[in-house]
Amino acid sequence: MKKTVFLGDSILLEGYGKVIGDRLADVCTCWQPPRNGCFTANTLRLIHDCRKQIEGADVIHWNNGLWDVCDLFGDGAFTPLDAYCDTMVRIARILKTYGKTV
């Protein structure tokens, strides 16, 4: 059976992570971490902690951004754009080594 992993900020507790496992149960196993990835820096740390669960995934569905670019107080994004982009690229490089390659 295929293995799908869900990572990121809005996928989990607040998003479709609650129901996706049931809907895909006939075609794949689904795994997601027990906590929201929040900021890209948190997701970067999380993927190292969860390496064993991620490795060998056929599909890795990942998103980050809302927490990083949010401007709650009118003083700018929480994460500078350059840092956000650098961390996203870093996460992508790592995830490419964890998942199956076609």
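The values are calculated or read from the model by the stated rules, or taken from the named source; none is laboratory data. Just so we're clear, the structure is a prediction, and the values are computed from it rather than from any experiment. Glycine also receives a Cβ, built like all others from the backbone with ideal geometry; neighbour counts cover every protein chain displayed. Ligands, DNA and RNA are excluded from the accessible area calculation, which covers all protein heavy atoms including side chains. Shrake-Rupley method; radii C 1.70, N 1.55, O 1.52, S 1.80 Å.
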Checking GLY17, GLY76 in turn, the sole residue that is out of contact with any strand residue (DSSP E or B) (no Cβ under 7 Å at 6 or more places or on another chain), small (Gly, Ala, Ser) and either open to solvent by 60 Å² or more (accessible area, probe 1.4 Å) or free of Cβ contacts under 8 Å to residues at least 40 places away in the same chain (or both) turns out to be GLY76
Restricted to the stretch 22-32, and to residues that are open to solvent by 20 Å² or more (accessible area, probe 1.4 Å) and either touching an Asp or Glu at 6+ places or on another chain (Cβ under 8 Å) or part of a strand (DSSP E or B) (or both), which residue is nearest to ILE94 (Cα to Cα)?
TRP31
